[in-house]
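Chemist: To start, I am sharing the structure in question, which I have written as structure tokens.
Throughout, read-outs are computed from the coordinates displayed, never taken from laboratory work. Remember, predicted model here, so these are calculated numbers, not experimental data. FYI the Cβ positions are ideal-geometry reconstructions off the backbone, even for glycines, and counts take in every protein chain you see.
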Amino acid sequence: MRDQSELVAVLIENRIFTCRGAQVMLDYHLAELYQVKTKRLNEQVKRNLKRFPESFMFQLSESEWENLQSQIATAKRRALPYVFTEQGVAMLASVLRSEIAVNVSIAIMTAFVEMRKSIGNHQQLLKLSDDFVNKLIKKANQSIVVIDNYIDDSVITQLTKKAKYVKVFLLSRTFDKKLQLDIDKANTQYPTFKAIIFSKSHDRFLILDGTDVYHIGASLKDLGKKWFAFSKLNSDSVTVINQIKGML
């Protein structure tokens, strides 16, 4: 049977997520561990903002929060939550000034270290999936269609590896202002990217040159972060292509 410290370690590890290439924890999860209200935690942070640069803490965008909610069970919130990196957690202990905060921060930072070790062990396998997608993107001769409700800036960066003349169509149910700016920026250097509102698909697809259709097990934004499958469709590919005809 696990002792209390092991159970706390497991709880913390399950509350560490990856966002913008960094491992982070949500403000209200930290508040629970520190045994304070989320409002008080954020008030203390606001009083000491100079200690929390963006590399320590940042507020999630609407699309980032929506994506995270799809992974965890959480109550709806009016305001977008803040997340804290490992450095931000260390700084929180100094502004909350309690013995609980110090002890919990040590446990959290230990969990961050263990997670980095685990990520390192799987990095080579994850790189293989990244290389596979890069080859698919470079293989396209005319067009690339991405159907994915969780597109972010990392997906745009991945797609800039295409041939210069290949057109990219991004189909998603929403595009927030930040993502639209990323698309506009990509268009100035790697034309042409086109954002299209599309809410008919829960699944994710990658379509090359209007013929080769791949079903993707997770959002492309998670490429290099976790394992998921790619399946090339045969008989079903016509159905998928017909669904988006006239939109491109």
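Chemist: May I ask you to derive the FRET efficiency for K117 and K200 from their Cβ-Cβ distance with R0 = 51 Å, giving the value to the nearest 0.05? Don't jump to the answer; show the numbers that get you there.
Modeler: Details: r = 42 Å, r/R0 = 0.82.
After rounding, the FRET efficiency stands at 0.75.
Chemist: Counting pairs of alpha carbon atoms under 8 Å apart in space and at least six apart in sequence, what relative contact order in percent does the stretch 37-97 give? Numbers along the way, then the final one.
Modeler: Values: 39 pairs, mean separation 29.7, N = 61.
Relative contact order of the stretch 37-97: 49 percent.
Chemist: Taking a quarter of the surface of the Cα convex hull of the stretch 130-222, what do you get in nm²? Please report the intermediate quantities before stating the final value.
Modeler: Numbers: hull surface 21.1 nm².
For the Cα atoms of the stretch 130-222, the hull's average projected area reads 5.3 nm².
Chemist: Still on this model: Let's see if you can work this out: charge +1 on each Lys and Arg Cβ, -1 on each Asp and Glu Cβ, no other charges. What is the dipole magnitude of the chain about its Cα centre, in debye to the nearest 20? Walk me through the intermediate numbers first.
Modeler: Values: 36 positive and 26 negative charges, 120 e Å.
Here the size comes out at about 580 debye.
Chemist: Going by C-beta contacts inside 10 Å, put T160, T239 in order with the fewest on the left. Mind showing how you got there, number by number?
Modeler: On the way: T160 13, T239 10.
Exposure proxy ranking, most exposed first: T239, T160.
Chemist: Most fluctuating residue of K39, K194, K221 in a GNM of the chain with Cα springs under 10 Å: which is it?
Modeler: Residue with maximal mean-square fluctuation among K39, K194, K221: K39.
Chemist: List the lysines whose Cα sits under 22 Å from the Cα of K185, skipping any in the same chain fewer than 8 residues away.
Modeler: K138, K161, K162, K164, K167, K177, K194, K221
Chemist: Counting only DSSP beta bridges with both residues in the stretch 140-244, what percent are antiparallel, rounded to the nearest 5?
Modeler: On the way: 12 of 22 bridges.
The antiparallel fraction comes to roughly 55 percent.
Chemist: Hey, what did the stretch 4-120 get for relative contact order, percent, Cα under 8 Å, at least 6 apart?
Modeler: Details: 108 pairs, mean separation 37.4, N = 117.
Across the stretch 4-120, relative contact order equals 32 percent.
Chemist: Considering only L170, L220, L96, give the residue with the highest GNM mean-square fluctuation for the chain, with springs between Cα atoms whenever their separation is below 10 Å.
Modeler: Ranking L170, L220, L96 by mean-square fluctuation puts L96 first.
Chemist: Suppose we keep just the DSSP beta bridges with both residues in the chain; what percent of those would be antiparallel, to 5?
Modeler: Values: 20 of 30 bridges.
So the antiparallel bridges in the chain amount to around 65 percent.
Chemist: Let me ask something else about it. Relative contact order of the chain: what whole-number percent is it, with Cα pairs under 8 angstrom and at least 6 residues apart? Could the numbers behind the result be given before it?
Modeler: Values: 320 pairs, mean separation 37.8, N = 248.
The value is 15 percent.
Chemist: Rounded to the nearest 500, what is the 222 nm mean residue ellipticity of the chain from helices alone, with -39500 (n - 2.57) per DSSP H run of 4+ residues and division by all residues? Working shown, then result.
Modeler: Values: 9 runs with 116 residues, N = 248.
The helix-only estimate for the chain comes to -15000 deg cm²/dmol at 222 nm.
Chemist: Same structure again: Which percent of Cα-Cα pairs in the stretch 4-120 sits in each 10 Å bin, short to long?
Modeler: 13, 49, 34, 4
Chemist: Rounded to whole Å and sorted largest first, what semi-axes of the equivalent ellipsoid does the C-alpha gyration tensor of the chain yield via the square root of 5 times each eigenvalue?
Modeler: Working: eigenvalues 297, 77, 51 Å².
Largest first, the chain gives 39, 20, 16 Å.
Chemist: Follow-up. What residue among I147, T188, Y165 has its Cα farthest toward the positive end of the dipole of the stretch 140-244, where the charges are +1 on Lys, Arg and -1 on Asp, Glu, each on the Cβ?
Modeler: T188
Chemist: Can you give me the span-like helices of the chain, meaning DSSP H runs with 24 Å or more of Cα extent along the axis and Kyte-Doolittle mean at or above -1.0?
Modeler: Values: long enough: 99-139 (57 Å, 0.17).
Flagged H segments are 99-139.
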